[in-house]
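Asks: Take this structure, written in structure tokens, and hold onto it; I'll ask about it next.
What follows draws every value from the coordinates through simple rules; no lab data is involved. The structure displayed is predicted, hence computed values, not measured ones. Methodologically, a virtual Cβ is constructed for each residue, glycine included, from the backbone with ideal geometry; neighbour enumeration extends over all protein chains shown.
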Amino acid sequence: MRGVDLEGSFTEYVVARRAALVRTAYLLCGDAHLAEDLVQGALIKAVAHWRKIGDNPEPWLRRVMVNDHISGWRKHRGRERLTDTMPERAAQAVQELGLAEALRLLPPRQRAVIVLRYYEDLTERETAVALSVSIGTVKSQHADAVRRLRELVPTLAANQIGV
Amino acid sequence: MTELGTALRELADRQQPVGGKDAADLWKQGRRRAAGRRAVSGAAVVALAVLVAGIGVAGPEPRLISPASEPHGPGIPNRVEDPPGWLKPTAYGKRVGPLSVLARGMRHGRMELFGIDAKSGKYRFLPNGDIQVPGTPVALSPNGRYVAYWAGSDGKTVTSLTVFDTVTGTESGLSSGDENKYGYIAGALTWLNNKTVLLAFDEKTSPDDQTLGLTHKVETFGVDGTGPDEASVSPQLVAWSRARDGSLLIPYAASAGRLASPPEIWQSLGSDLRQNGDFLSLPQGDYRQVSRSGNLSVAIGSTGAGGHTALLARHTLNGDPNLFEGDLRDVGDLYVGTFLGWRSADSVLVTGWQHAPNGQASLFEANVRTGKVKRVGDAGDDADVVLAVASDLLEKPLVEANPPTGLNPRIVHGLELALLLLLLACYRYWRRRARR
């Protein structure tokens, strides 16, 4: 592909898939602005590799978003973060938590496993590739995440989670 | 799709788009980022290559002397280092000149000659310049192009004179017409001009003979290969040269190819030098030079039993180096290593120490008329590291020399570049963090 074609293909892809990427990113990080930043950062990084990944950029972008989110979480772990929810909510009983809050309380890798497995409908192998971990790790992270979600959101029955 | 999947989809669909840059902006930003990364990667590769290249022996040694500044041109450096600590192993140069300084230093356990290029400041050991017979004289032509030194073979006996052309890198061995199978005892060695070298020597009468004053030969050789010729030289030019073994060539050697009697060549060490003028009554004095104006004379010699090698001055009368007025004066309480020459009608350049022979030797400019001494530079670990300077440069200002870094400049440049990249990376990281 030549330069102009590359840019055209990139533009076309961004127009078509940006909203979907932002939704995935939102589930990963739980914040709309952060989700937009994650997607933009991944797309900017993708430009340099577009010649290689242009045919099917989704897995590459997904991996970058997940890795960037986990890196960002590591960097800002322990810091105060601004959210659009009131702090008092954290003190509320776990039974009253919604799915969004429950997801937010999961560690980022477990959250990524849940999002990729249940939202993106990826197989364990595809999830392992997206997270750059082994299938065994995906399985264990998935089990831990589901157990935690059940604790946090009892209304989600075991059959609803699908395990 | 499971119920959780549906719940997640509903959750994702509820979030409101916040807007962002359009695709064209993202593409431009991505291109800029890619270009920046390529530039940083390229610089890192260059820095690494420079470092790797610098570590090898292909890199040049530290450049010690700043480039000669106009309008003065090349000059004598104000700092001479002992090079083995930092000079690369292959620092032997065929074309190294003309030289500003000729010096000696230990190399692979042997004493060897090295020179400092007058223009570039590079240090180079001379090929085959090992001083096999320590203490034998060496001489640098006034323009710094030719180095003459006695060569030997067994560490005891000199057998021929070698003249090395520092510009072309060629050397030639000059032998006396009637070569002596036992070798020679080296005497005075001096350049009469930029083309002719004069040497005085004695022929050994046996392999162990170390006696001076038996054959007394004085010969001249031309750098064009002519010679040996009978010495037909101006007394002014040869009168004040000395050999390190103490023999002294006095004025009346003119036209003497083969000197007939002892008065022409003196043995100073342990001898009474009361012949031909009271200046020579200086006990153990072994060196003297008269200024170009003829009004001043200096001697380098011991002032008496237990005395150090001092710089002594005296007025001459009527330009006759053997007629004096007044007493010898000690100039500046100097411990002199090497007398390098006259810088003006009144001042001389010497290496040594002042007051006490402690620490590194210095370069001193001494005004022998006023007795004032000024330290003008460093002369290496010992006072006699510097053997000679190009006398044509003596009257020019000294050239400022940089201290040796001990590091190859390519390594230094590589480290500088790496540091710059690190600072750039820190800056970018800081900005990105601040933006968040």
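Asks: Going down the list B:Lys122/B:Lys374; B:Lys122/B:Lys204; A:Lys139/B:Lys21; B:Lys195/B:Lys372; B:Lys122/B:Lys195, which pairs span over 28 Å between their C-alpha atoms?
Replies: Pairs exceeding 28 Å: B:Lys122/B:Lys204; A:Lys139/B:Lys21; B:Lys195/B:Lys372.
Asks: Let me ask something else about it. Between B:Lys28 and B:Gln354, what is the spin-label point distance in nm, taking each point 7 Å from the Cα along the Cα→C-beta axis?
Replies: Distance between the two pseudo-spin positions: 6.8 nm.
Asks: Same structure again: Calculate the FRET efficiency for B:Thr370 and B:Lys119 from the Cβ-Cβ distance with a Förster distance of 35 Å, rounded to the nearest 0.05.
Replies: The computed FRET efficiency comes out at 0.55.
Asks: What does the net charge come to around A:Ala102 if you take all other residues with beta carbon closer than 10 Å to its beta carbon, with K and R at +1 and D and E at -1?
Replies: +2
Asks: Continuing with the same structure: What distance in nm separates the simple spin-label points at B:Trp430 and A:His33, each placed 7 Å from Cα in the Cβ direction?
Replies: Between B:Trp430 and A:His33, the label points sit 2.5 nm apart.
Asks: Would you mind putting A:144-154, A:110-120, B:14-24 in packing order, based on average other-beta-carbon counts within 10 Å, highest first?
Replies: Highest-to-lowest ranking by the protection proxy: A:110-120, A:144-154, B:14-24.
Asks: Describe numerically, in nm with one decimal, the distance between label points set 7 Å from Cα along Cα→Cβ at B:Arg9 and at A:Thr11.
Replies: Each label point lies 7 Å from its Cα, and together they span 3.2 nm.
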